[in-house]
Amino acid sequence: MESIRRTKIVDLLRKKKEFGATVDVKGWVRTIRGNKYVSFIHLNDGSTIHNLQIVADVEKFGEAFFKPVTTGACIHVVGTLVESQGKGQTMEIQADTIEIYGTADPETYPLQKKGHSLEFLREIAYLRPRTNTFGAIFRIRHHMSYAIHKYFNDNGFFYFHTPIVTASDAEGAGSMFQVTTLDFNNTPRNDKGQVDYSEDFFGRQTNLTVSGQLEGELGAMSLGAIYTFGPTFRAENSNTPRHLAEFWMIEPEVAFYDINDNMDLAEDFLKYLIKYALEHCKDDIDFLSEHFDKELVERLNFVIANDFVRLTYTEGVEILEKSGQKFEFPVYWGADLQSEHERYLVEKHFKRPVILTDYPKEIKSFYMKQNEDGKTVRGMDVLFPKIGEIIGGSEREADYDKLVNRTKELGMNTDPIWWYMETRKFGTAPHAGFGLGFERLILFITGMANIRDVIPFPRTPNNAEF
Ligand code: ATP
Ligand code: MN
């Protein structure tokens with residue numbers, strides 16, 4: 001037989017081949033059933049949530065042939081594409097040849113049975129992309145990555161690569177992973193007994209980045225509008241369903257934007273991404289909706305259709321104080337809002353996404369633009385149903401003296417970010433930006449409840465095996 005090329009199942013379902021054509025498919029067996037005369041194999045190749053039915057004549061292959069063709073086995077089928085007589089599919093393949101690439105012993109294959117819990121699947125993260133659920137999630141992740149680049153490219157933003165290894169600490173918190181080549185069993189010490197980092201690889205203490213913002217601002221102050229999209233690392237020991245130690249962040253930064261422009265960008269960007277998902281990931285979203293979250297599609301459409309509420313932190317706190325709601329953490333002016341507070345505003349009070357602005361300076365970073373009142377800064381958090389904070393951003397303080405004063409008030413050592421401070425000396429400009437947590441976006445779009453389930457290899461405290 002003349003050799004033909006493999007066709008992906010997604011392309012067959014898109015009718016890229018005529019009935020009667022000889023086709024070549026490869027994939028993993030999801031199920032196999034049948035009788036003495038015929039075997040039905042449901043094959044999935046990862047290109048779509050949908051399986052392809054392979055029909056094999058038992059007499060032709062011999063009964064023994066099918067013994068090793070079990071759930072999880074990988075096979076290569078050549079056969080004729082025909083219209084299906086059965087329920088549940090429009091087409092199927094009448095197999096001429098079946099080659100077994102790899103078997104999966106039913107006694108030991110962890111995914112032999114259906115219906116495993118998400119918790120169990122996290123323990124076999126190396127295999128879970130083989131399941132319908134994780135196939136759907138990771139395809140959506142791909143489409144959203146593409147949509148993010150497309151949105152910014154179409155809107156004149158440049159993708160600016162900020163470093164992963166840095167000597168700065170954007171958040172001023174002690175939540176960083178150190179990067180070093182020093183030998184812990186024999187660390188060089190200075191005469192005060194402190195570790196001598198001049199002996200380290202970079203000649204200074206370095207860590208994995210917690211945000212690309214500070215370097216991103218340098219991009220905005222030259223290219224005008226940039227975005228970063230890369231991995232971010234935070235060693236916060238918070239075992240929550242919304243925090244990872246390694247996550248991906250998208251950070252646009254724009255010269256000449258004030259906080260209102262910044263809010264407009266955040267709202268337009270999020271709505272674009274959700275719309276893109278509904279248009280390009282429909283089958284996967286429908287699957288996840290059916291199995292995990294019946295209101296998913298409705299919620300996604302609702303966010304697209306409605307304006308986000310915009311109000312100040314002060315107004316938000318007033319609403320929370322008057323709500324009569326019992327919260328685990330107390331609310332008062334000056335408190336850092338917890339997810340329960342954010343979700344109350346979004347889900348119970350406004351029933352819409354909310355953008356809170358003008359936070360007390362004490363709970364926000366040094367670089368946020370200071371308001372006239374001397375108490376608040378021009379920060380903004382976008383709060384979403386089920387998620388809480390999905391975006392955090394601000395207009396940045398563009399005035400050199402004000403920025404320096406704030407770092408002094410905070411007792412910050414600005415030596416490691418002297419270059420950042422200099423941007424306010426040479427051609428400073430009003431500018432603004434924000435950070436969108438990619439996995440929080442994927443949580444929202446997939447309707448999943450735990451952030452460990454929307455990244456292929458989650459890194460959390462005590463968990464980095466695979
Ligand atoms: P939170 O208060 O939820 O811990 P944050 O205020 O520390 O978040 P920012 O520093 O504002 O977060 O980071 C910008 C965005 O990055 C957040 O709005 C969120 O979407 C995402 N993000 C922050 N920390 C994490 C994390 N540990 N895991 C996943 N996403 C995160
Ligand atoms: Mn934040």
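Scattering from the chain was approximated by placing one identical point on each alpha carbon and applying the Debye formula without solvent; log10 I(q)/I(0) at 0.05, 0.06, 0.11, 0.13 1/Å stands at -0.25, -0.36, -0.97, -1.19.
With all protein chains in place and ligands, DNA and RNA left out, the 1.4 Å accessible area ranks 359, 257, 37, 159 as 37, 159, 257, 359, largest first. Can you give me the C-alpha center-to-center distance between the range 250-310 and the range 373-427, rounded to a whole angstrom? Distance between centres, Cα-based: 26 Å.
Using the Cα atoms as the points, what is the convex hull volume per residue of the range 362-466 in Å³? Present the calculation step by step, with values, prior to reporting the outcome.
On the way: hull volume 16.9 nm³, N = 105.
Looking at the range 362-466, the number lands at 161 Å³ per residue.
The modelled label-to-label distance for the pair residue 282/residue 335, using points 7 Å beyond Cα in the direction of Cβ, is 4.5 nm. For the pair the range 62-92 and the range 96-175, the centres of their Cα atoms are 28 angstrom apart. In the context of the full set of protein chains, residues of the range 9-102 present 50 Å² of accessible surface per residue (probe radius 1.4 Å, heavy atoms only). Applying 1/(1 + (r/R0)^6) with R0 = 51 Å to the Cβ-Cβ distance of residue 205 and residue 85 gives a FRET efficiency near 0.15. Protein heavy-atom accessible surface, 1.4 Å probe, per residue over the range 303-460: 42 Å².
Counting 0.36 nm for each residue step from residue 314 to residue 347 and taking away their Cα separation leaves a gain of 10.0 nm.
Between residue 108 and residue 238, the simple spin-label model (points 7 angstrom out along Cα→Cβ) gives 4.2 nm. Given their separation in residues at 0.36 nm each and the Cα-Cα distance between them, residue 35 and residue 256 gain 72.5 nm when the chain is fully extended. Among the trypsin sites (Lys or Arg not before Pro) within the range 174-276, those in coil by DSSP and having at most 14 neighbouring Cβ atoms inside 10 Å are 192, 204.
In the chain, helices alone account for a calculated mean residue ellipticity at 222 nm of -8500 deg cm²/dmol, with every DSSP H run of four or more residues adding -39,500 (n - 2.57).
Approximating the spin labels as points 7 Å out from Cα along Cα→Cβ, the residue 61-to-residue 373 distance works out to 7.1 nm. Its residue count N fixes a reference of 2.2 N^0.38 Å for the range 9-102, and the Cα radius of gyration divided by that reference is 0.98.
With the cut-off at 18 Å, tell me which of the pairs 294/386; 271/351; 322/375; 15/150; 36/113; 36/87 have Cα atoms farther apart than that. Correct reply: 322/375; 15/150; 36/113; 36/87. Solvent-accessible area per residue in the range 112-238 equals 53 Å², computed with a 1.4 angstrom probe and all protein chains kept.
Computed in the context of the full set of protein chains, the accessible area of the chain at 1.4 Å probe radius has 49% of its extent on carbon or sulfur.
Can you tell me the relative contact order of the range 245-337? Whole percent, Cα pairs under 8 Å, sequence separation 6 or more. Present the calculation step by step, with values, prior to reporting the outcome.
On the way: 21 pairs, mean separation 17.6, N = 93.
Worked out over the range 245-337, it gives 19 percent.
The values are calculated or read from the model by the stated rules, or taken from the named source; none is laboratory data. Predicted model, so just to flag it, every value in this text is computed and none were measured. For neighbour counting, all protein chains shown are included, and Cβ atoms are generated from backbone atoms with ideal geometry for every residue, glycine included. For the accessible areas, the whole protein counts, side chains as well, though only heavy atoms, and no ligand, DNA or RNA atoms are used. Shrake-Rupley method; radii C 1.70, N 1.55, O 1.52, S 1.80 Å.
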